[in-house]
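Engineer: Sharing a structure here in structure tokens format.
Readers should treat all values here as calculations from the given coordinates under stated rules, not as data from a laboratory. Computed from a predicted model, the values in this text were never measured in an experiment. Cβ coordinates were reconstructed from backbone atoms using ideal geometry, including for glycine residues, and neighbour counts include every protein chain displayed.
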């Protein structure tokens with residue numbers, strides 16, 4: 001089974017930061033996602049972000065920010081006044097800015113990049129053989145295929 005979601009939209013209110021009893025950071029925000037065909041069909045999605053991404057979100061993401069979210073769906077359930085309640089939200093692995101900040105109506109690219117969820121291993125240095133340029137091949141004009 002696959003549980004993956006990608007969304008892009010605008011943040012409805014400043015993210016709320018909190019911590020678990022074990023000290024893990026969580027940031028929560030609500031994302032307004034417009035239907036590209038019908039602007040009146042907006043969906044509001046709750047998003048939870050953990051650890052380093054939560055720190056990034058609470059520091060840089062504000063109400064009105066255009067962001068993309070990559071994550072998975074999660075169903076929360078609880079009981080209130082004897083009635084069982086449920087809601088579906090997104091647990092984000094990654095939150096990135098979409099576009100840039102607007103200055104005088106012009107988009108700029110000065111939004112800070114989101115940190116990676118996990119570090120990638122360092123690339124290996126190329127060997128001397130791989131780094132060496134191949135020698136140019138001399139060909140007779142009549143031998144070049146057309």
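Engineer: Full extension from residue 73 to residue 55: what is 0.36 nm times the residue separation minus their Cα-Cα distance, to one decimal in nm?
Structural biologist: Additional length available on full extension: 4.4 nm.
Engineer: Using packing as a proxy for protection, rank 45-54, 73-82 so that the peptide with the highest average count of other Cβ atoms within 10 Å comes first.
Structural biologist: The densest-packed peptide leads the list: 45-54, 73-82.
Engineer: Hey, can you rank 88-97, 12-21 by average C-beta count inside 10 Å, highest first?
Structural biologist: Descending mean neighbour count gives 88-97, 12-21.
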